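Single-structure report; data block below.
The values are calculated or read from the model by the stated rules, or taken from the named source; none is laboratory data. Predicted model, so just to flag it, every value in this text is computed and none were measured. Backbone-built Cβ (ideal geometry, glycine too); neighbour counts: all protein chains shown.
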């Protein structure tokens, strides 16, 4: 066996292992930040209960104006964490994971092109996105049957639409964007909520209210690349 073949076999045998190591960083990061959010909310709730307990036992501790100010500050802090900080973080890590996926799928295509001495690569193909170009390369060069990549391929394609909505539309879809809304709605169950808002023009905002969505994305990324190994497509 040549040294090149030995290296190739090692890479293939450990492809998912090394990919999982990279994704573990995302798991650890998400858990660290989500735990901090939960601790912060719990601390705020305890402070609020402690305040109410103090008022119940000594109603004259604060004036009505002082009490209203303290209560408002506590509630505003909890709302800021849950509505602003959590949503920003989850939207951010979703876009990071999709960027990681997009970069990795480009890398495996380029690796396949080099290992199999293909006459064309990703840069020679036309597509609306790098993801679409990767699909063309996989089907034409590696003879990948996209149906064999299910359910992960459809999942990733739906995730791409969510990511695009985050990046290009600030997680918002308008009521007259029927096709986009229906696509996002059908993928939303157990993952996020489309919150309806109406300020003259009806629109919906994606609320990422399930932290487990992040781990589900990671498992589907791994599942996709596990299936691509069957076609000798790996890093």
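Worth a mention:
- Exactly one residue out of 189, 227, 180 is surrounded by 13 or more Cβ atoms within 10 Å (Cβ to Cβ), out of contact with any strand residue (DSSP E or B) (no Cβ under 6 Å at 6 or more places or on another chain) and either within 25 Å of residue 34 (Cα to Cα) or modelled with pLDDT of 95 or more (or both): that is 227.
- Whenever a residue of region 197-210 is loosely packed, with under 14 Cβ neighbours inside 10 Å, its partners that are modelled with pLDDT under 95 and part of a loop (DSSP other than H, G, I, E, B), lying with C-beta atoms within less than 9 angstrom and at least six residues away or across chains, give the pairs 198/175; 201/175; 201/176; 202/175; 202/176.
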